[in-house]
Amino acid sequence: PRTIRLDEYRPSDFLIDTVELDVRLDPTATRVTARLAIRPNPEGRADAALTLVGDGLNLVAASIDGADLRPDDLDVSPDQLKLANPPRGPFELTITTIVDPSANTRLMGLYRSNGAYCTQCEAEGFRRITYFLDRPDVLAVYTTRIEGSKAENPVLLSNGNLAETGDLGDDRHFAVWHDPHPKPSYLFALVAGDLGVVEDEFVTMSGREVALKVFVEHGKEDRATHAMESIKASMRWDEQAFGREYDLDVFMVVAVSYFNMGAMENKGLNVFNDKYVLASPETATDGDYANIEAIIAHEYFHNWTGNRITCRDWFQLCLKEGLTVFRDQEFTSDMRSRPVKRIQDVRNLRSIQFAEDAGPLAHAVRPNAYAEINNFYTPTIYEKGAEVIRMLKTWIGGDAFRAGMDLYFERHDGQACTIEQFIACFAEVSGRDFAQFLRWYAQAGTPVVTIRTTHDAEAKTFTIEATQKTPATPGQPSKQPMVIPLALGLVGQDGDDLPLVVDGAPAGPVFALTDETTRIVFEDIATRPAASLFRNFSAPVKVVSDVTDEELLFLAAHDRDPFNRWQATQTVALRKLVADVAAFRAVRPISPEPKLAEAIGRAFDPAETDCAYAAQIAALPAEGDVAREIGENVDPDAIHAVRSLLKADIRDRLAGPLAAAADRLAETGPYSPDAASAGRRALKYAALDLLSAGGAAEGVERVFALYKSARNMTDKVMALHALSIHATPEREEALTDFATLYSRDPLLLDKWFVIQASAPLPDTLDRVEALMAAPGFDMRNPNRVRSLIGAFGSGNPTQFNRADGRGYAFIAGVVAELNTLNPQVAARLLGAFRTWRSLEPERRARAETALRALAAMPDLSPDVADIVNRALG
Ligand code: DPP
Ligand code: ZN
C-alpha cells in the first residue's frame with residue numbers, strides 16, 4: 001500500500017454541501033442511493049477530475065443532474081469512481097450501490113451485529129457504503145432516509161433530529177433523519193434493529209430540552225441506567241468546565257456486541273461496544289462502572305472536540321483524541337478522586353505508551369506518514385496526546401488554558417483544523433512562543449531527564465541540574481530539546497515545603513526545562529532537602545535522579561503532593577526489583593528491604609481513610625515496568641520470579657496488618673459502585689493479593705472464602721483473579737463454578753477468558769487453545785478475541801514470552817487467521833510484539849521467526865503488513 005504523507009496534503013478539488021442518503025435495508029443486499037450536491041472547491045485545482053473513493057463497492061447506477069451516466073462516462077472499480085471531466089459548476093451526482101452487511105466481518109462500513117444493522121465509519125468506513133470524498137475536511141449536511149422491515153427493524157436511527165416517519169404497508173416502514181450540523185463522513189451512523197430503549201431527558205444550560213435514549217438488546221434495559229446517569233453527568237460537566245452545550249434535540253447511545261473499538265462518537269448517535277454500556281451489580285465490576293462513566297464521557301465530549309471542530313486530515317488525529325482524553329480524565333478526576341485518577345493514568349501511560357515509544361512501533365503524537373491509518377489509534381496519539389495538553393496547561397496556567405480553549409471553540413467552530421491552528425489559540429492568549437513546544441507533536445520517544453542535585457551548606461544553595469535526552473526512534477535518529485515543565489517542591493526535615501527562591505526572588509513551583517541542560521540554583525537552603533520532582537507527573541518523561549532511597553522513603557511519608565508520595569514508593573520498589581533481577585540471574589542472594597514493606601504497610605493502617613489511594617500505594621510496579629526499566633536482554637521469567645518473591649517478603653513482614661485489613665474491609669451492606677466503596681474493595685484485594693503471594697495456603701483459603709461468599713461481581717471476579725495466579729485445587733473449583741454460573745452471558749464469559757489467559761502458569765497456552773474450541777468463543781467477535789487471545793498476548797508476560805517460542809507462534813497463527821476476517825483486530829493483536837527487541841537473545845530469535853513467517857504470508861492485509869513491517873524494520 002501507498003504511504004500517505006502529511007506534507008503532501010492538498011485541499012479537496014471538490015466539496016460536497018449536502019448528502020441525501022436513501023438506504024433500503026436488506027440482510028445481504030442493502031441498496032444505498034446517495035444524492036450528493038457537489039461543487040468545485042475554490043481552493044482546489046481548476047481542471048481536476050472528480051475521484052470518489054470506494055472500498056469493495058458494487059455500483060448499480062449513477063447519474064448527473066438527473067441524466068444517467070453510461071459506463072464509458074465513468075471510470076469505475078470497487079475502489080473508486082472517477083469522472084474525468086465533471087461539470088465545472090455545482091451539480092448533483094446520484095450513485096446507487098449495493099452492499100452485503102451480513103458478509104461484512106471486518107465490521108467497517110455497514111454490518112450486522114446479532115441481527116441488528118449498524119455502521120462504523122471512522123476512519124475510512126463510509127467508502128464501504130457509497131463512493132465519496134471520504135476525508136475529514138469535506139463537511140456536508142446529511143439527510144438519511146432508512147427503509148426496512150417493520151418486524152425486523154422497528155428501530156431506525158441515524159444522525160441528527162428525527163424529521164419524518166411513515167408506514168409503507170406490507171411490513172415496510174421508514175424514518176428520515178436530518179443532521180443540520182455539517183460533518184465529515186467518518187461521523188455518519190445508521191442503526192436499525194429490534195432494540196430495547198431506556199429514556200430520560202436533559203435540560204441544557206440555556207434551557208433547551210434534550211431527549212436522551214440508550215438502546216440495548218431487549219431484556220438488558222436494567223443494565224443501561226448507569227450509562228444514562230453518566231450521559232447526564234457528562235453533559236452537565238462540559239457546560240460547567242468548558243461552557244459547552246449540546247446542540248441537537250436528541251442524544252442517543254446504542255450498545256452493540258460486535259465492535260472493533262470501545263465506542264464511536266457519531267454525531268448525535270454514539271455507537272458503543274456493549275461492554276462499555278451494560279452494568280448491574282450482578283454482572284459488572286467496579287472497573288466496569290468506572291470505564292463506562294469515562295467512555296460515555298469521552299464520546300460525548302467529542303461532540304465539541306472532534307465533531308463541531310474536526311480534523312483537517314488523519315495526521316491531526318490527536319487534535320481530537322488527545323484533547324478528548326484530557327477532557328475525560330479531568331471529568332473523572334472531578335467525579336472521583338483526582339490523585340487516584342492521575343496515578344491510574346500514569347500507570348497506564350507507562351505500561352502501554354512508554355512501551356510503544358521504546359520499541360519499533362514508536363511514532364510521533366502527530367505522525368508525518370502512515371501506510372494504514374487504522375493502526376494509528378494508539379496510546380501515543382491518545383494518552384501521550386493527552387499528556388501534551390496537560391503540559392500545555394501546566395506551562396501556561398489554568399486561566400490562560402481556558403481562555404485558549406474558548407478562543408479555539410469560537411474561532412474554529414464548524415471547521416476541520418490542524419494542530420497549528422489549535423496551538424495558535426494558546427500562543428495568542430498567553431503571548432508565549434510555542435515553536436519549541438510543538439516538538440512534542442513531532443518528536444517520538446520518551447525523553448529521559450537525568451537530575452543531579454547538590455547542596456552547598458556554606459553558600460546555602462541547593463542546585464538541580466537537569467539534562468534531557470530523547471532516544472532515537474524509527475526514522476528519527478537525533479532529537480532537539482523539548483519544553484519540559486518541571487513542577488517541584490523541596491521538602492524540609494519537618495516535612496514542609498521550603499520557600500523556592502531563585503535569583504533573590506520567589507520562583508516556581510513550575511520550571512520550564514528548555515535546554516539540553518538546565519541548572520536551577522535555589523537560595524536560602526540551610527540543610528539538604530528531599531527534592532520532590534515532577535509533582536503530579538508534570539511531564540511524560542522518564543526520570544533518572546540521584547535522590548536517594550532514604551530521601552524517597554521520607555517523601556513517601558511526608559510529601560504534600562499525593563502523586564509523588566505514591567511515586568516515591570514506586571521508585572524505591574522499581575530500583576529494588578531491577579537490582580533483584582540482576583542478582584537472581586547471577587544466582588546471587590537477594591537482599592531484604594524492610595523499609596519498603598514499612599512504606600507499603602502504611603496503606604493498611606486503619607487510620608488511612610482514602611482506600612482507593614492506599615490501594616495504589618500497595619500495588620508494586622508491574623512486570624512490564626520492570627522490563628522497561630531493564631531495557632534490554634530482558635528475561636520475563638526472572639522478573640516474574642523476583643516480583644513474586646518481593647510480594648512474599650512484604651507479606652511475611654506485614655502478615656498481621658494485612659489480615660486485619662482484609663477483615664476490616666469485608667463487605668457488609670448492599671453493593672454500591674461509588675468511588676469510596678470501590679476504593680475499599682480495591683484495598684481489600686491488595687491485602688488479599690499480598691496474603692496469597694506465592695500461593696500461601698492461608699491466603700488462598702481467604703480468597704477462596706471470598707469467592708464463595710461474594711455477593712457482587714467485583715468481589716467474585718477479583719477473588720477469581722487472585723486464585724487464578726496459583727496452581728491450586730481452589731483455582732480449578734472456582735473456575736468451574738464461575739463457568740457454570742455465568743458462561744451464557746458473553747460479557748461475563750469474557751472475564752473468565754481474560755482471567756485464564758493471563759495466568760502466569762505453564763499450562764495457560766494449552767488452556768487458551770482449548771477454550772478457542774469451547775462454546776461461546778467466536779473468532780468473529782472482537783470482544784471474545786481480545787479477552788482470550790489479546791489478554792494472552794498483551795497481558796501475560798511470562799506465557800506469551802515462553803522460552804520455547806510457542807506463545808509467539810500462537811499469536812502469529814491467530815493473526816494469520818484473522819488477517820482477512822478482521823484485519824483491524826488482527827493488527828491490534830500483533831501489538832503484543834511491540835517490545836520484542838528488548839528480550840534476551842533466544843526469545844528474541846523466536847519472536848523474530850514468528851514475525852518473519854507472518855511477513856512471508858501471501859495476501860497480507862494492509863493493516864497487518866504495516867505492523868509486521870514496522871516491527872521488523
Ligand atoms: N471511537 C474512537 C474514540 O472515541 C475513535 N474516535 O476514541
Ligand atoms: Zn476518542
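Summary table
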| item | result |
| --- | --- |
| Rh by Kirkwood over Cα pairs, then Stokes-Einstein D for region 310-442 at 1.567 mPa s and 4 °C, µm²/s | 84 µm²/s |
| Residue-by-residue Karplus 3J(HN,Hα) for region 802-811, coefficients 6.51, -1.76, 1.60, Hz, glycine and proline x | 4, 4, 7, x, 5, x, 5, 5, 5, 4 |
| Ratio Rg/Rh [Cα only; Rh per Kirkwood] for region 382-431 | 0.96 |
| Normalised contact order of the chain, rounded percent, pairs of Cα under 8 Å and 6 or more residues apart | 8 percent |
| Estimated D of region 451-518 in µm² per second, where Rh is the Kirkwood radius over Cα pairs and Stokes-Einstein applies at 37 °C, 0.692 mPa s | 232 µm²/s |
| Shape of region 309-367, Cα gyration tensor, a/c cut at 1.5 | oblate |
| Calculated log₁₀ intensity ratio I(q)/I(0) where the Debye formula runs over C-alpha points of region 52-172, q = 0.10, 0.14, 0.15, 0.23 Å⁻¹ | -0.38, -0.74, -0.84, -1.44 |
| Coordinate range along principal axes, alpha carbons of the chain, Å, largest first | 88, 67, 59 |
| Ranked by how many other beta carbons lie within 10 Å on average, peptides 707-719, 774-786 from highest | 707-719, 774-786 |
| Debye log10 I(q)/I(0) at q = 0.20 Å⁻¹ for region 521-604, Cα point scatterers | -0.98 |
| Packing rank of 250-256, 443-449, 312-318, 469-475, where each peptide gets the mean count of other beta carbons within 10 Å, highest leading | 250-256, 312-318, 443-449, 469-475 |
| Order by protection proxy (mean Cβ within 10 Å, highest first), peptides 501-513, 812-824 | 812-824, 501-513 |
| Distance between region 131-201 and region 802-831 - C-alpha centres, whole angstrom | 36 Å |
| Normalised per residue, the volume of the convex hull around the Cα set of region 199-304 (Å³) | 92 Å³ |
| For region 608-667, Kirkwood radius (reciprocal of mean inverse C-alpha pair distance, Å) | 13.5 Å |
| Helix 729-742 vs. the chain, principal-axis angle (Cα, 0 to 90°, nearest 10) | 30 degrees |
| Those lysines that a straight Cα-Cα span of less than 30 Å connects to LYS751, excepting residues fewer than 8 apart in one chain | LYS213, LYS220, LYS232, LYS275, LYS341, LYS384, LYS647, LYS684, LYS708, LYS716 |
| Whether region 767-867 is rounded, prolate or oblate, judged on the alpha carbon gyration tensor where a/c under 1.5 counts as rounded | oblate |
| Distance between modelled label sites at ASP167 and GLU598, nm, 7 Å Cα→Cβ extension | 8.0 nm |
| Relative contact order [Cα under 8 Å, 6+ residues apart], region 448-547, whole percent | 39 percent |
| Check: region 261-312 dipole with +1 on Lys, Arg Cβ and -1 on Asp, Glu Cβ, in debye | 460 debye |
| Region 235-384: equivalent-ellipsoid semi-axes (sqrt of 5 x gyration tensor eigenvalues, Cα, Å) | 24, 20, 17 |
| Cα gyration tensor shape for region 341-417, rounded if a/c is under 1.5, else prolate or oblate | oblate |
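Just so you know, all these numbers are worked out from the coordinates, no wet-lab data involved. Here the structure is a predicted model, which means the values were calculated and not measured. Cβ sites come from the backbone with ideal geometry, for glycine too, and all protein chains shown count toward neighbours.
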